[in-house]
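See structure below.
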């Protein structure tokens, strides 16, 4: 397959963007995310990254020339699917598979993580091409937290999420189509086009809209858990938030009350080391988030958030405690955000070695390695999954591009009951 | 029929709604402590004995427990959350404005937040931070309904309507109108008691109410200022000025039907508001009248409000802060005399 690398929508004024110089030559093999050329906007000099793996086949805009957002800069050819495979990474096995899980369950988890990665990568491309409106906060590298936790929940359990909600939504069972439609602002989206990327959710599938005020969803989740407890439904809520949310008063007020009333809530801190561009050690004296639980009298635990089965098992323990009135639990999942905080963030504040180190701990690669080492599953199984997802996403993208936009009368509906 | 003050009427309304619907519960500070106060103004006094599992007494954490109320409401409960003093709504406002009010819209109509919020307001000898009239900060929030109750009959009927409504509703109550008793009695309290029927009744959330009919000038007010305006209306009558006094009551949405009928009749409007004049609810009402009924006006709308200062402590200054009968009468006469 060949992919067009287009000029990202970087200019705030809409003026043409100058290609300063190319960082690679024709024939070079580039990786998705690798800087390929440098461009100069009216504001700053920035790098443009490859959106797929492959060879640089054609260079269309030469250094010194200008191009408008959306114009094709180069053609990069690839036959590789963009999710990393176990073979690409070549890392030693870090996850031992317990024998107790059956093959379909494990492949299902793998599929869910690949779905999130492929979805996010495709959405990023659509944004950079200027096709998709709005802004995005993506979760590449954090797939194991969403999938591991949601796998421990029942269908009628709930989750709450944040502005970085795509992965959680896919893990909880929202469809690619309803999400892409939402991202395109279509009336067929999960929130009829009124929510967008930061408010992804579908209450019928156990996910309220993402709450985009940092930590704003934590008291709400506690309240959902209070409702479950008062109504004796035995449901639980898993509340996702980042390390940045832990400094907010809302976190402390909510976990205190949840502990006081033994609410069935899993407080899931995805500690990805950065709140926007600020590293956690600049804003916390004690960077072990799970330690906070003890001061409120409940259990906290920190685990490797890039190891899918470790996350799943920790979440299972926490769910079990919550269902037996021993909640809440604060689960800190150590992970890493491989993309910018939001679109157009080149992540210059993340040290190269740190990025490389976490890249080697990619949750999908690690899980794939474990699956392959187990003997029961081979590379063809994984490839088939990735190819199926590729096709599913492409079909959904095509449909979403022409999904019906809301009528203007929708502006005024859904304000009051 | 029994004579009740606002605090008692609200207490009965809450109890009757909790009796009727087991998803209704109360959440707030000091609301359910045996031997305690029943909230800052005795509204929930004793309810913890009748409903031990549904009177949730919280830590002092307004942001947290308003968020908890929002979450519970989204999962099918009908919480009644209160703050001890309206001023504390600022702490809870992220949950009220960003979550409760917007959830239906940003979910494309899939989610609802049937949440009742109660907040006491008004200058009452407590200095600047337990005194503000908070209505202005919430009337411009789409998705939220805002009401203000000025007597016991309305308080009971409006609370019941609010509990049965599927929207988030903020009810403002005035500290000097509660008729709180015992240790929580307020000095300078005003009689807002009503005859309360024995039967179940509701008062609609979106309607103003004409409290005194007249044809010369329309006086619009709510909460304590309604009572001050009624006193002014009576004195104006003795001077042969026939004032129509309307309890605006529903501050969002504003009932321009009732207000408009009056404006068409009198052509003169005075709006009375406790709280700084700049940016008040009275400014919104004045503009709304101008847009809708400008051609009926014989003179520009006049506002009588507090000066643009924080609420002072010294009783003599606090009295000067609050609009009074004399100012209202002067404004009405100015409109009539031209």
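Take residue B:96 and tell me if it is more than 7 Å from every other protein chain (Cβ to nearest Cβ) and crowded, with 21+ Cβ neighbours inside 10 Å. Considered against the rule, which asks whether it is more than 7 Å from every other protein chain (Cβ to nearest Cβ) and crowded, with 21+ Cβ neighbours inside 10 Å, residue B:96 comes out as yes.
Determine which member of the set A:179, A:132 is more than 10 Å from chain B (Cβ to nearest Cβ), free of Cβ contacts under 8 Å to residues at least 60 places away in the same chain and surrounded by 22 or more Cβ atoms within 10 Å (Cβ to Cβ).
Checking each option against the conditions leaves just A:132.
Residues of the range A:221-250 that are touching a residue at least 40 places away in the same chain (Cβ under 8 Å) and within 23 Å of residue A:335 (Cα to Cα): A:221, A:237, A:238, A:239, A:240, A:241, A:242, A:243, A:245, A:246.
Got a sec? Which of A:195, A:189 is touching a residue at least 60 places away in the same chain (Cβ under 8 Å), in a loop (DSSP other than H, G, I, E, B) and either facing another protein chain (nearest Cβ under 10 Å) or within 12 Å of the chain's Cα centre (by Cα) (or both)?
A:189 is the lone residue from the list that is touching a residue at least 60 places away in the same chain (Cβ under 8 Å), in a loop (DSSP other than H, G, I, E, B) and either facing another protein chain (nearest Cβ under 10 Å) or within 12 Å of the chain's Cα centre (by Cα) (or both).
Considering (1) surrounded by 24 or more Cβ atoms within 10 Å (Cβ to Cβ); (2) in contact with a helix residue (DSSP H, G or I) (Cβ under 7 Å, 6 or more places away or on another chain), say which one residue A:242 fails and leave the rest. Just one mismatch for residue A:242, condition (2). Against the conditions (1) within 17 Å of residue A:139 (Cβ to Cβ); (2) in contact with a strand residue (DSSP E or B) (Cβ under 7 Å, 6 or more places away or on another chain); (3) modelled with pLDDT under 95, residue A:346 satisfies every one except (1). Residues that are within 13 Å of the chain's Cα centre (by Cα) and not in a helix (DSSP H, G or I) within the range A:135-181 comprise A:136, A:137, A:138, A:139, A:140, A:141, A:142, A:161, A:162, A:163, A:164, A:165, listed in sequence order.
State yes or no: is residue B:7 under 14 Å from residue B:157 (Cα atoms), assigned to a helix (DSSP H, G or I), away from every other protein chain (no Cβ under 14 Å) and without any contact (Cβ under 8 Å) to a residue 60 or more places away in the chain?
For residue B:7, the condition - under 14 Å from residue B:157 (Cα atoms), assigned to a helix (DSSP H, G or I), away from every other protein chain (no Cβ under 14 Å) and without any contact (Cβ under 8 Å) to a residue 60 or more places away in the chain - is not met.
Checking each residue in the range B:113-142 for being surrounded by 20 or more Cβ atoms within 10 Å (Cβ to Cβ) and within 14 Å of chain A (Cβ to nearest Cβ) picks out B:113, B:114, B:115, B:116, B:117. When residue A:255 is tested against (1) over 17 Å from the mean Cα position of the chain (by Cα); (2) surrounded by fewer than 24 Cβ atoms within 10 Å (Cβ to Cβ), exactly one condition is not met: (2).
Residues in the range B:296-311 that are assigned to a loop (DSSP other than H, G, I, E, B) and surrounded by 17 or more Cβ atoms within 10 Å (Cβ to Cβ): B:297, B:301, B:311. Strands (runs of 3 or more DSSP E) fully within the range B:14-133 that include at least 2 residues being at pLDDT 95 or above and more than 30 Å from residue A:194 (Cβ to Cβ): B:24-28, B:55-57, B:116-121. Given A:400, A:370, which one is more than 30 Å from residue A:38 (Cα to Cα) and at pLDDT below 95? Result of the check over A:400, A:370: A:370.
Condition check ((1) farther than 19 Å from residue B:133 by Cβ; (2) outside any helix (DSSP H, G or I); (3) over 23 Å from the mean Cα position of the chain (by Cα)) across all residues:
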| position | (1), (2), (3) |
| --- | --- |
| B:274 | no, yes, no |
| B:283 | no, no, no |
| B:294 | yes, no, yes |
| B:317 | no, no, yes |
| B:328 | no, no, no |
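Which residues, taken from the range A:1-46, are farther than 22 Å from residue A:132 by Cα and crowded, with 20+ Cβ neighbours inside 10 Å? A:19, A:30, A:36, A:37, listed by residue number.
Among residues that are at the interface with chain A (Cβ under 10 Å from one of its Cβ atoms) and buried (at least 23 other Cβ atoms within 10 Å of the Cβ), residue B:102 is included. Within the range B:61-78, the set of residues being within 21 Å of residue B:161 (Cβ to Cβ) and either more than 8 Å from chain A (Cβ to nearest Cβ) or out of contact with any strand residue (DSSP E or B) (no Cβ under 8 Å at 6 or more places or on another chain) (or both) comprises B:70, B:74, B:76, B:78. The residue list B:145, B:160 contains one member that is within 15 Å of the chain's Cα centre (by Cα), in contact (Cβ under 8 Å) with a residue 24 or more places away in the chain and within 12 Å of chain A (Cβ to nearest Cβ), which is B:145.
Scoring residue B:175 on the criteria (1) away from chain A (no Cβ under 14 Å); (2) within 16 Å of residue B:207 (Cα to Cα) leaves a single failure, condition (2).
Among the residues of this structure, residue A:265 counts as one that is within 14 Å of chain B (Cβ to nearest Cβ), surrounded by 24 or more Cβ atoms within 10 Å (Cβ to Cβ) and either closer than 18 Å to residue A:214 by Cα or touching a residue at least 60 places away in the same chain (Cβ under 8 Å) (or both).
Only one of the listed residues (B:208, B:237, B:189, B:231) is at pLDDT below 95 and over 20 Å from residue B:298 (Cα atoms). That residue is B:189.
Across the range B:278-293, a minimum of one residue is classified as touching a residue at least 40 places away in the same chain (Cβ under 8 Å), in contact with a helix residue (DSSP H, G or I) (Cβ under 8 Å, 6 or more places away or on another chain) and under 23 Å from residue B:215 (Cα atoms). Of note, residue B:248 does not satisfy the criterion of being surrounded by 24 or more Cβ atoms within 10 Å (Cβ to Cβ), touching a helix residue (DSSP H, G or I) at 6+ places or on another chain (Cβ under 6 Å) and modelled with pLDDT of 95 or more. Scoring residue A:97 on the criteria (1) in contact with a helix residue (DSSP H, G or I) (Cβ under 8 Å, 6 or more places away or on another chain); (2) modelled with pLDDT of 85 or more leaves a single failure, condition (2).
The residues in the range A:198-218 that are buried (at least 24 other Cβ atoms within 10 Å of the Cβ), over 21 Å from residue A:111 (Cβ atoms) and either more than 7 Å from chain B (Cβ to nearest Cβ) or out of contact with any helix residue (DSSP H, G or I) (no Cβ under 8 Å at 6 or more places or on another chain) (or both) can be counted, and the count is 4.
Here's the yes/no breakdown for (1) within 14 Å of chain B (Cβ to nearest Cβ); (2) part of a helix (DSSP H, G or I):
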| position | (1), (2) |
| --- | --- |
| A:355 | no, yes |
| A:358 | no, yes |
| A:361 | no, no |
| A:364 | no, yes |
| A:369 | no, yes |
| A:376 | no, no |
| A:381 | no, yes |
| A:396 | no, yes |
| A:411 | yes, yes |
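The values are calculated or read from the model by the stated rules, or taken from the named source; none is laboratory data. Just so it is clear, the structure is predicted and the values come from calculations on it, not from any experiment. Note: ideal-geometry Cβ built from the backbone for every residue, glycine included; neighbour counts use all protein chains shown.
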